[in-house]
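The values are calculated or read from the model by the stated rules, or taken from the named source; none is laboratory data. Predicted model, so just to flag it, every value in this text is computed and none were measured. Positions of Cβ are generated from backbone atoms using ideal geometry, with glycine treated the same way; all protein chains shown enter the neighbour counts.
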Amino acid sequence: AALGRKNWKEDETSRRTRLREGVPSATAASHGLTDEQKEFQKVAFDFAANEMAPHMAEWDQKEIFPVETMRKAAQLGFGGIYVQPDVGGSGLSRLDTSIIFEALSTGCVSTTAYISIHNMCAWMIDSYGNKEQREKFCPDLCSMEKFASYCLTEPGSGSDAASLLTSAQRKGDHYILNGSKAFISGGGDTDVYVVMCRTGGKGPKGISFGKKEKKVGWNSQPTRAVIFEDCAVPVANRLGEEGQGFNIAMKGLNGGRINIASCSLGAAHASVQLARDHLLVRKQFGETLSNNQFLQFKLAEMATKLVASRLLIREAAQALQEDRPDAVAICSMAKLFATDECFNICNQALQMHGGYGYLKDYAVQQFVRDIRVHQILEGTNEVMRMIISRNLLSES
Amino acid sequence: MSGRVLVGVKRVIDYAVKIRVKPDNTGVVTDGVKHSMNPFCEIAVEEAVKLKEKKLIKEVVAVSCGPQQSQETIRTALAMGADRGIHVDVSGKDYENLGPLQVSKILAALAKQEDAQLILLGKQAIDDDCNQTGQMTAALLDWPQGTFASEVSLEGDKINLVREIDGGLEHIKINTPAVITADLRLNTPRYATLPNIMDSLMNNETELHKPNHRTSLCVGLIPLFETVAPEDMQGGTDRSGAMLRHTVLQSGLGLHTRSLVVFSIGIGKNKTKLGTV
């Protein structure tokens, strides 16, 4: 469904990142999916190739937050993929969501990652909000009329999220917030902030933002500190009960981890395609690189790790959807394995491009830069190991 | 004009795929290869859906002729906004022989059956590039045709059309019912949305038709050509026109009267041979 969108000829970037799956190879993302899932995946791949891939370099270099493109994605139903339909969501499963983000990520990792964060916020309000909160916030978020940010991390509490300090003191029918959040994706450009804060114990005019951070990747979304000074928030905006916040935040992160891992997957998938295409074209020592056994073996290893990551992520998505007892552990395993392996895949793909891989004219370096942070956020891969070992070593 | 629009959609090999010829040289590899809706058919569906959104027509019916997998193509049309689908089941040998003449006969029969006011097709398919189905359908129905349309507007019971032709742009006005074929710049097809995809899959609004004499469609699917290597011909290696014509008749192709088949003699093996009879 690409013809007619711009004109018959695709532009350079789109052609480079377009996934030319003729006869599906072992790495095809569509294996094992239902007809319906294949349709979703097709739309997402097409959207990524036509609306995102041609711009991903520009969004990265000029640090553009692509509001219009994201709203187009929302029109297709990508604004609240696993939010209930009665408030404007698409009502799909975690697995459907993973498939969609994986495909979108081949177009631009940074933008897809932001869309996944936005989805997580919409879901939290959908799942834990009361009727009024759901009806007030979810429809606008699902259509991306408004954008959301998820505020958990603070300058003093990253991995140790439970030690957060931002306080919320009850004064009549408002909470007064004081504290600051760090590294907030979308911070300053978004409209709805889902903030984790402390009501019991320690803990201005309102909300302000730090400077826009300069990052190695994820440049199509602004990142800022969010500062609360005597910021009054109506009690009506509290999700769930007092004391329930940590639980809600952690539940949100399980899905968030699958989503981020899915974004890594899309980048790795695209990088394997790019590497493969490069090996078939580039000649040295009188033949194409694809005749070099070391590179053949390297490509095989990359493909194997890609499929292994994909299977683990999809299994974790199923586990979360079914609320299985191992859901938390397996989501952590999927995030740990996939983000590490997919980064290595993208890095190897860059190496296979030789000097060209280092140039910003080629997409592979952006995939490497963009997914590097996936090993750090949504819970560092070290914290993932903590969660998994806890699951293994607990007595019960 | 308010009524029903028939949109023909063809399942073809995806435009981005690298085509490979089959080892026996009888065609291209299609097994397991990615297929999608013909891009010009997408444009036709988009135009039909737009007309419906402007309330100029009442119902969009997507039609596809082919094997089981053609239903995927119909589903894509439904997900873009078509109301229902008709799958004309043609498989196996019949499908290999399915060409514009047969499809246009099917479409003409369906148009009468469905009381269609308008038939919208892509100008050509990207696999065979025939550019014949629209024209043949119009001829069979004795309807006006607006081919290579880059702009369509309905005015009462007439259609204003801008056609892209070799000399530039041609403006014509045709009566309805009519056949229109879509060219590249007619519109930009929309993406299917997630809710529409879900609806189209749950929606079993796709009828199955079989184009043989036992059903109401009554369309005969007769192969019009056969591919042979020159060495396989009987009657020696003389390539004169008379000899070839004799061989074609002998091979018993069973052509309809008044069928027009054109000879082309190529250099090398396995050239498709058709002939004026």
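Quick check: anything in the stretch A:375-390 of a type in the set (D, E, K, R), under 23 Å from A:THR111 (Cβ atoms) and not assigned by the TED database to the domain that holds A:PRO54?
Our first condition is that a residue be of a type in the set (D, E, K, R); within the stretch A:375-390, this holds for A:378, A:382, A:385, A:390.
Within this subset, residues satisfying the condition of being under 23 Å from A:THR111 (Cβ atoms) are A:378.
With not assigned by the TED database to the domain that holds A:PRO54 added as a condition, the list becomes A:378.
Within the stretch A:375-390, one or more residues are of a type in the set (D, E, K, R), under 23 Å from A:THR111 (Cβ atoms) and not assigned by the TED database to the domain that holds A:PRO54.
Please go through the stretch A:104-146 and pick out each residue that is of a type in the set (Phe, Trp, Tyr), out of contact with any strand residue (DSSP E or B) (no Cβ under 7 Å at 6 or more places or on another chain) and farther than 17 Å from A:SER93 by Cα. Break it down into steps so the answer makes sense when it comes.
Taking the stretch A:104-146 as the starting set, the residues that turn out to be of a type in the set (Phe, Trp, Tyr) are A:114, A:123, A:128, A:137.
Narrowing the set further to residues that are out of contact with any strand residue (DSSP E or B) (no Cβ under 7 Å at 6 or more places or on another chain) leaves A:123, A:128.
Within the stretch A:104-146, A:TYR128 is the sole residue that qualifies.
May I ask you to verify whether A:ARG324 is more than 20 Å from A:VAL272 (Cβ to Cβ) and basic (Lys, Arg)?
yes
Here is a list of conditions, (1) in contact with a strand residue (DSSP E or B) (Cβ under 8 Å, 6 or more places away or on another chain); (2) within 9 Å of chain A (Cβ to nearest Cβ); (3) surrounded by fewer than 22 Cβ atoms within 10 Å (Cβ to Cβ), and B:LEU186 meets all of them except one; can you say which number that is?
So B:LEU186 meets the others, but not (3).
Being at pLDDT 95 or above and within 11 Å of chain B (Cβ to nearest Cβ) narrows it down to one of A:SER105, A:SER90, A:SER98, so name that one.
On the way: A:SER105 fails: within 11 Å of chain B (Cβ to nearest Cβ); A:SER98 fails: within 11 Å of chain B (Cβ to nearest Cβ).
Of the residues listed, the single one that is at pLDDT 95 or above and within 11 Å of chain B (Cβ to nearest Cβ) is A:SER90.
Check the stretch B:157-169 and report whether any residue there is under 30 Å from A:LYS72 (Cβ atoms), within 14 Å of chain A (Cβ to nearest Cβ) and modelled with pLDDT of 95 or more.
Checking the stretch B:157-169: at least one residue is under 30 Å from A:LYS72 (Cβ atoms), within 14 Å of chain A (Cβ to nearest Cβ) and modelled with pLDDT of 95 or more.
Can you list residue pairs whose Cβ atoms sit under 6 Å apart, with the first residue in the stretch B:101-125 being assigned by TED's automatic domain parsing to the domain that holds B:ILE174 and assigned to a strand (DSSP E or B) and the second being crowded, with 24+ Cβ neighbours inside 10 Å and of a type in the set (Phe, Trp, Tyr)? Count only pairs 6 or more apart in sequence or on different chains.
B:GLY122/B:PHE40
Pick from the stretch A:212-242 the residues that are surrounded by fewer than 14 Cβ atoms within 10 Å (Cβ to Cβ) and modelled with pLDDT under 95: which of them is farthest from the chain's Cα centre (by Cα)?
Let us first name the residues in the stretch A:212-242 that are surrounded by fewer than 14 Cβ atoms within 10 Å (Cβ to Cβ), namely A:214, A:216, A:230, A:234-236, A:241-242.
Okay, now just the ones that are also modelled with pLDDT under 95, so A:230, A:234-236, A:241-242.
Values: A:ASP230: 32, A:PRO234: 30, A:VAL235: 30, A:ALA236: 29, A:GLU241: 28, A:GLU242: 28 Å.
Applying the filter and picking the extreme gives A:ASP230.
Out of the residues in the stretch A:244-285 that are farther than 22 Å from A:PHE137 by Cβ and outside any helix (DSSP H, G or I), state the one that is nearest to the chain's Cα centre (by Cα).
Going residue by residue through the stretch A:244-285, those that are farther than 22 Å from A:PHE137 by Cβ are A:257-258, A:260-285.
From what is left, the residues that are outside any helix (DSSP H, G or I) are A:282-285.
Numbers: A:ARG282: 33, A:LYS283: 36, A:GLN284: 38, A:PHE285: 41 Å.
Restricting to residues being farther than 22 Å from A:PHE137 by Cβ and outside any helix (DSSP H, G or I), the top hit is A:ARG282.
Mind listing whichever residues of the stretch B:120-134 are under 27 Å from B:LYS58 (Cα atoms) and out of contact with any Pro (no Cβ under 8 Å at 6 or more places or on another chain)?
B:LEU120, B:LEU121, B:LYS123, B:GLN124, B:ALA125, B:GLY134
Search the stretch A:330-353 for residues that are modelled with pLDDT of 95 or more and pair each with any residue that is buried (at least 24 other Cβ atoms within 10 Å of the Cβ) and of a type in the set (Lys, Arg) when their beta-carbon atoms are under 6 Å apart and the residues are at least 6 apart or on different chains.
A:CYS331/A:ARG257; A:LYS335/A:ARG257
For the stretch A:74-109, what are the residues that are more than 14 Å from A:LEU33 (Cβ to Cβ), among the small types (Gly, Ala, Ser) and within 14 Å of the chain's Cα centre (by Cα)?
A:GLY79, A:GLY80, A:SER105, A:GLY107
Looking for something assigned to a helix (DSSP H, G or I), of a type in the set (Asp, Glu) and either outside the structural domain of A:CYS263 (by the TED database) or farther than 26 Å from A:LEU253 by Cβ (or both) - is there at least one such residue anywhere in the stretch A:303-323? Explain how you work it out, then say what you get.
We begin by selecting, within the stretch A:303-323, every residue assigned to a helix (DSSP H, G or I); these are A:303-321.
Adding the requirement that they be of a type in the set (Asp, Glu) leaves A:315.
In the following step, the residues that additionally are either outside the structural domain of A:CYS263 (by the TED database) or farther than 26 Å from A:LEU253 by Cβ (or both) were identified as none.
No.
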